Amino acid sequence: MVGGNVAKGSKSKIAAGLLAIFLGGFGIHKFYLGYTTPAVIMLVAGVIGFCGSFLLLPLLLLIATSIVGFIEGIIYLTKSDAEFEQIYVQGTRDWF
């Protein structure tokens, strides 16, 4: 936002939250925020879970990453803009 409290070029907490809630099982919100290593971990776990969903263990991987994504999405959306910017955009908090 230009002219507001959030610096130009920053990430939107709404976008990050919605990505986490709807595509969090694949770590898309982590890619959006620039956390590559956790994003790749979630993407690999999500793809293994999605492709091998007929087996119990891979399905549990997908369920686990989806739960993590959902929780992170709720956390992102409940933070103030300033808190979100400080913790997740300027800071380096990879998980929760």
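The values are calculated or read from the model by the stated rules, or taken from the named source; none is laboratory data. Note that the structure is predicted; figures quoted are calculated from it, not measured. All Cβ positions, even for glycine, are placed from backbone atoms using ideal geometry, and neighbour counts span all protein chains on display.
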- Name the pairs: first residue in region 51-68 and farther than 18 Å from F22 by Cβ, second residue surrounded by 12 or more Cβ atoms within 10 Å (Cβ to Cβ) and among the hydroxyl-bearing types (S, T, Y), Cβ to Cβ under 6 Å, at least 6 apart or on different chains? L59/S53
- Query: Residues that are among the β-branched types (V, I, T) and at pLDDT below 95: which helices (runs of 4 or more DSSP H) entirely in region 1-91 hold 1 or more of them?
  - Reply: 36-51, 56-78
- Query: Looking only at region 80-92, which residues are surrounded by 13 or more Cβ atoms within 10 Å (Cβ to Cβ) and under 16 Å from K30 (Cβ atoms)?
  - Reply: F84, I87, Y88, V89
